[in-house]
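One structure is given here, and the rest of the page talks about it.
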Amino acid sequence: VGAPAVGEGIGAKLNRLLFGFLEAEVLPQARRAVDQGLDPTPLFAVVTDILRLYTDALQRPEGAGH
């Protein structure tokens with residue numbers, strides 16, 4: 001099993017976990033906000049910002065090896 005295959009498996013699992021989190025935690029809160037007449041956009045913006053922070057932290061530093 002090569003590194004790309006392992007990475008794909010981990011990527012698929014992370015994708016499932018993130019979608020599960022969105023479905024279980026974020027979307028119900030957004031629906032409640034809409035039901036109360038509130039705009040859910042700020043909630044989505046916060047989640048997006050947090051996910052961006054994680055992706056930025058996971059980026060390889062410039063000049064890093066393979």
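The values are calculated or read from the model by the stated rules, or taken from the named source; none is laboratory data. Note that the structure is predicted; figures quoted are calculated from it, not measured.
Quick notes on this structure:
- The test for being modelled with pLDDT under 90 and more than 13 Å from the chain's Cα centre (by Cα) holds for residue 3.
- Test: residue in the range 9-16 that is modelled with pLDDT of 95 or more and either under 12 Å from the mean Cα position of the chain (by Cα) or not in a loop (DSSP other than H, G, I, E, B) (or both): yes
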